[in-house]
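Down below is the structure, laid out as structure tokens.
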Amino acid sequence: MTRLTILQIEEMARGALVKAGASDGAALSLAKAIAAAERDGIPSHGLAYLPTYCEHLACGKVIGSAMPRLSQDLPGVVVVDAGSGFAHPAIDAGLAVLAPLARSQGVALLGIRNSYNCGVLGYHTERLASEGLLALGFTNAPASIAASGGRKPVLGTNPWSIAVPDGRGGAPIVIDQSASVVAKSEVAKRAREGKAIPLGWALSPEGEPTTDPNVGLKGTMLPAGGYKGVGSALLVELMAACLTGATIGAKASPFSGTAGGPPKTGQCFIAIAPGAASGGEFQARLSQLMAVLTEERSAHVPGKRRREAREKAEREGVVVDAGILEKVGALARA
């Protein structure tokens, strides 16, 4: 195990991405998100995912030189075509316009199409919350969840997120959850490590429970809460794919492996000025809600763990697995 600073992780990731064919701007945008994932205690979306990003640059599943194209045909709607490039620079371009629009109009929407895996969705919504906006985010993914009663994957794990501003640049609540029991990246992480997964995470292609992550990756992810999880995945599919004109999960190529070309999935963000409908009472009501949520010391508020991990990482650095560090170092030196 090696302890690195957040900046060291960012620089290492950026170097590897540039070597693999990403433009400087795209590499920096994604490297910041990778470092933030490590900082916030979400290593499945950090350096461990970097070899996949580089592999996808090499095989053409993501276009490293793509330039996001922004358009705005309606006052409150911003659209960015990622051009089969990384999602992160497309989101950067869209958020820069979305935030001032939401502050001036009360609410605004950003749709992103022809995109790619956006990593930790809460990373993006929290950026809007830090600017004083209530933020909702949706991102669809290649199909890995079956419809209720079915066995064929038709919907992605399809995360959604909400980040709540405290009015001081922070976010006391950040919900970031997938429609599946666990994010598919967690199953892929266990497969890379040669570790079993718990029963209840995934099913085999035959619809049988499995503890083998490789079998689970070939089958389906189990939805959280049964049919309610399927409903959550469908909601995200409507928002992030149908509403934005992106590819639906059932037609998108996988985020893993080299087959299929660019997935061309999508993201959708809604930013809301918190005072727009509350009569100026949003922060007061939020304070009341936080008091209720934290009254019991054992109660958990979504986002607390990532804030605690962040504070520790900023003080002490991040512990990185030696095997992952070796792989990333080789990519950066290639």
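Condition check ((1) part of a helix (DSSP H, G or I); (2) at pLDDT below 95; (3) surrounded by fewer than 24 Cβ atoms within 10 Å (Cβ to Cβ)) across all residues:
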site	(1), (2), (3)
Ala90	yes, no, no
Ala96	yes, no, yes
Arg103	yes, no, yes
Ala108	no, no, no
Tyr123	yes, no, no
Arg127	yes, no, yes
Leu136	no, no, yes
Gly149	no, yes, yes
Ile162	no, no, yes
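Would you mention how many residues in region 189-223 are under 24 Å from the mean Cα position of the chain (by Cα) and closer than 21 Å to Gly149 by Cβ?
Of the residues in that region, 11 qualify.
Would region 274-296 turn up any residue that is surrounded by fewer than 14 Cβ atoms within 10 Å (Cβ to Cβ) and in contact (Cβ under 8 Å) with a residue 12 or more places away in the chain?
Yes, that holds for at least one residue.
Could you tell me which of the residues Ser65, Ser84, Ser71 is more than 19 Å from the chain's Cα centre (by Cα) and either aromatic (Phe, Trp, Tyr) or closer than 28 Å to Val18 by Cβ (or both)?
Unique residue meeting the criteria: Ser65.
In the list Gly303, Gly266, which residue meets the criterion of being buried (at least 20 other Cβ atoms within 10 Å of the Cβ) and in contact with a helix residue (DSSP H, G or I) (Cβ under 6 Å, 6 or more places away or on another chain)?
Criteria check complete, one pass: Gly266.
Check whether at least one residue in region 298-310 is touching a Leu at 6+ places or on another chain (Cβ under 8 Å) and under 30 Å from Leu7 (Cα atoms), and report yes or no.
Within region 298-310, one or more residues are touching a Leu at 6+ places or on another chain (Cβ under 8 Å) and under 30 Å from Leu7 (Cα atoms).
If you take the residues in region 314-334 that are of a type in the set (Gly, Ala, Ser) and touching a strand residue (DSSP E or B) at 6+ places or on another chain (Cβ under 9 Å), which one is farthest from Asp24 (Cα to Cα)?
Ala322
Tell me the residue from Ala171, Ala183, Ala240, Ala202 that is closer than 27 Å to Ala82 by Cα and in contact with a strand residue (DSSP E or B) (Cβ under 6 Å, 6 or more places away or on another chain), please.
Ala240
In this structure, is Glu131 of a type in the set (D, E, K, R) and assigned to a loop (DSSP other than H, G, I, E, B)?
In short, yes.
Against the conditions (1) of a type outside the set (Lys, Arg); (2) in contact with a Pro (Cβ under 9 Å, 6 or more places away or on another chain); (3) surrounded by fewer than 23 Cβ atoms within 10 Å (Cβ to Cβ); (4) over 21 Å from Thr258 (Cβ atoms), where does Gly15 fall short? Just the number, please.
(2)
Name the residues in region 58-88 that are part of a helix (DSSP H, G or I) and more than 16 Å from Gly119 (Cα to Cα), would you?
Within region 58-88, Ala58, Cys59 meet the criteria.
Out of region 242-275, which residues are farther than 22 Å from Tyr53 by Cβ, among the aliphatic types (A, V, I, L, M) and not in a strand (DSSP E or B)?
Passing the criteria: Leu243, Ile248, Ala250, Ala273.
The values are calculated or read from the model by the stated rules, or taken from the named source; none is laboratory data. Remember, predicted model here, so these are calculated numbers, not experimental data. Neighbour counts run over all protein chains shown; Cβ positions are idealised from the backbone, glycine included.
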